[in-house]
Structures are given as C-alpha cells and as structure tokens.
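Trainee: One structure follows; several queries about it will come next.
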Amino acid sequence: MNIFRLLADLTHIASILILIQTIKKTSSISGISIKTQVLYALVFVCRYLDLLTFHYKSFYLTVMKIFFITSSVYTVYLLSTFKQKNPIAYQEMIMADAFKVQYLLAPCLVLAFVFNHGFDFLSLNKSFSMWLESVSIMPQLFMLSKSGKATALTTHYIFALGLYRALYIPNWIWRYFYEDRFDKLAFVTGFVQTLVYSDFFYIYYKKIVKGLGFRLPK
C-alpha cells in the first residue's frame, strides 16, 4: 500500500458514491450509460471471483472487493428501476445508449487469452476484467459525444473515474522502485484506460475548471 494506491481507491469509491447518491437524490438518469454500468459490474464480478475460494489476503482488499461488486450491481439495479418509476426517462436513456458493446467484449476476451496472468479459470477472468475495465467507459463517452452536452453529475463522475485510473500509474512506478514489483498487464491496461480519458480530461479542464460550461464536440 502507498499513498497513490490509497488516493486512487478513495477516488474510485467517491465516484461511485457520487453517482448513486445523485441518482437517488435527483431521481434523474439523464446522460448516464447503463451499458457502462453493466460492463463495470461484469468487470468486478470477473475480477473478484477469488472471493468464492475464501483465499484471504487482507481485510482491506476483501472489503474493497465486496464494495465494488455490490455497488456496481446496485447501480445497475437502481438504473433499471426507472423502467417502472419513469418509463419515459428510461426509454430516453436506452435510446441514447447506442454503443455496440460487442465491439468491446469480443476483443477483450481475445486479448485475455493472449495476454494474461495464467490460463487457469481465475487468472483468465481477472485478465479479461482488466482489459474490459480499460474500455468500459466508452459507451458513456460515446453517449456524451453523441448528445454534445453533459450534466454536472456525469462530468464529475467521469472525471473522478479517470483520476482514479491515472493515480494508479504512479502507484505502479512506486511499486517498481520501492517494492521491486511490476505488473505489465495492469500497467498496459491502465495506461490504455488513461488514454481513453485523455481527451475528456482536456475538455473538463477547459470547460469546467475554467468556468466555460460543458459541451462536447460532436
């Protein structure tokens, strides 16, 4: 554990709590991609299947794993409840969420068999989850670019997720120099994910931080 890992995890937790709390408080799902949330749920379920083996590493890791699985599944459930609560808003979300996720799932599955931590069931699932996490935000970014605008909820949520991933890069560098450990797969997938966010970071800084409003280029 180091300060970069801790800050990254806290930022990740904050992004999820911001999303859930805002949805519940405002009863609005405008601009949110349910496909991205389903992909994240799949990521965490596949990555933390080792919970079923009862192989205990640390209390911290166990709590984090349970939190990410339950919160991601709960987010999907929360969004799906709008099908009855607000059918119009739910239909608008589904129609706007037009990204073809099969274009992400198939390549990630192939990459997991080529670049992985091992060919046993748990290792392949973890490797698949790492590749999938690197691109899971794409349906959300596609939705925003298609609409050309975003709510404060989605912009701050995406920024927090991107910051979480960016903080993992100095974490890996720290572990390489001070712990003599370097996970090439984690570094590559994390770097890819940070690149996916890079254009959004620039727009966020220019439009939000400098107070110019927020509108994505179509």
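The values are calculated or read from the model by the stated rules, or taken from the named source; none is laboratory data. Remember, it's a predicted structure, so these values are computed and weren't measured experimentally. Cβ coordinates were reconstructed from backbone atoms using ideal geometry, including for glycine residues, and neighbour counts include every protein chain displayed. Please note that ligands, DNA and RNA were not included when accessible areas were found on the heavy atoms of the full protein model with its side chains. Shrake-Rupley method; radii C 1.70, N 1.55, O 1.52, S 1.80 Å.
Trainee: Report the FRET efficiency, 1/(1 + (r/R0)^6), for Gln91 and Phe201, where r is their Cβ-Cβ distance and R0 is 35 Å, rounded to 0.05.
Mentor: For R0 = 35 Å, the calculated efficiency reads 0.65.
Trainee: Length gain on complete extension for the stretch Ser27 to Lys146, per 0.36 nm per residue less the alpha carbon to alpha carbon distance?
Mentor: So the chain would gain 40.6 nm between Ser27 and Lys146.
Trainee: Quick check for you: which residues of the range 45-88 have the amide N under 15 Å from the point 7 Å beyond the Cα of Ile18 toward its beta carbon?
Mentor: Backbone N within reach: none found.
Trainee: A further question follows. Full extension from Ser80 to Tyr56: what is 0.36 nm times the residue separation minus their Cα-Cα distance, to one decimal in nm?
Mentor: My answer for the length gained is 5.3 nm.
Trainee: Would you look at the GNM of the chain, springs on alpha carbons closer than 10 Å, and say which of Leu104, Leu144, Leu52 moves the most?
Mentor: Leu52
Trainee: Let me ask something else about it. Please provide three numbers in whole Å: the alpha-carbon extents of the chain along the principal axes, with the largest listed first.
Mentor: Largest first, the chain extends 49, 39, 32 Å along its Cα principal axes.
Trainee: May I ask for the Rg/Rh ratio of the range 114-186, computed from Cα atoms with Rh as the Kirkwood radius, given to two decimals?
Mentor: That ratio is 1.09, to two decimals.
Trainee: Which entries in the list Lys35/Lys184; Lys65/Lys126; Lys25/Lys100 go over 24 Å, if you measure between the two C-alpha atoms of each?
Mentor: Flagged as over cut-off: Lys35/Lys184; Lys25/Lys100.
Trainee: What translational diffusion coefficient, in µm²/s and rounded to a whole number, does the Stokes-Einstein relation yield for the range 1-85 at 25 °C and a viscosity of 0.890 mPa s, taking the hydrodynamic radius as the Kirkwood radius over Cα pairs?
Mentor: Diffusion coefficient, whole number: 174 µm²/s.
Trainee: Over the chain, with every protein chain in place, what whole percent of the accessible area is carbon and sulfur at 1.4 Å, could you tell me?
Mentor: 69
Trainee: Take the Cα atoms of the range 68-193, find their three principal axes, and give me the spread along each one in whole Å, biggest first.
Mentor: Reported extents, whole Å, longest axis first: 53, 30, 27.
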